[in-house]
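Please read the structure below before turning to the comments.
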Ligand SMILES: [Zn+2]
């Protein structure tokens, strides 16, 4: 079992200065980058979280590749990322595909966890604590996470608690937990 690499939020979302989401009409900070094209992975567009998700969904990363080429991309991906595809032996070396946004997952090819494993054994200590803070159980989908987060923010927002210091602290804790799980590769996209 390869050592799991945990992405920090800072890695997943580098903080550029003064970037604004490129989606039409959106004024949120453009904190998340998306590659321009498969053969131009070092050139980026910048979006807010909502719009980078949308962009990734629409963008067919594997367009124009045949099955063998797609598999090669996926194998290369597993050399630095948790191998989510049961493709047998891993090959070291080979092309290095940087996939910080889980684009391969968005292509619908990463939805096959090994049998009899719910993924919880992969969770880091931070992820387990985050689940506790948000009072969530495993397994968890991104949709569940978002719904729970929104509910908790409403409940603990200082504005809804007369600006109470305790609410502010609790909200910070909730935000940190949400960031941890939002950046987690263990949380299913569905
Ligand atoms: Zn946006």
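Data overview
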| item | result |
| --- | --- |
| Scope the range 133-159; condition part of a helix (DSSP H, G or I) and in contact (Cβ under 8 Å) with a residue 12 or more places away in the chain; matching residues | 133, 142, 143, 145, 148, 149, 152, 153, 156, 158 |
| Residue in the range 74-91 that is over 24 Å from residue 53 (Cβ atoms), at pLDDT below 75, assigned to a helix (DSSP H, G or I) and assigned by TED's automatic domain parsing to the domain that holds residue 32 present | yes |
| Considering residues of the range 18-35 that are more than 11 Å from the ligand (Cβ to nearest atom) and closer than 22 Å to residue 189 by Cα only, the residue modelled with the lowest pLDDT | 35 |
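The values are calculated or read from the model by the stated rules, or taken from the named source; none is laboratory data. These numbers come from a predicted model, not from an experiment. Neighbour counts run over all protein chains shown; Cβ positions are idealised from the backbone, glycine included.
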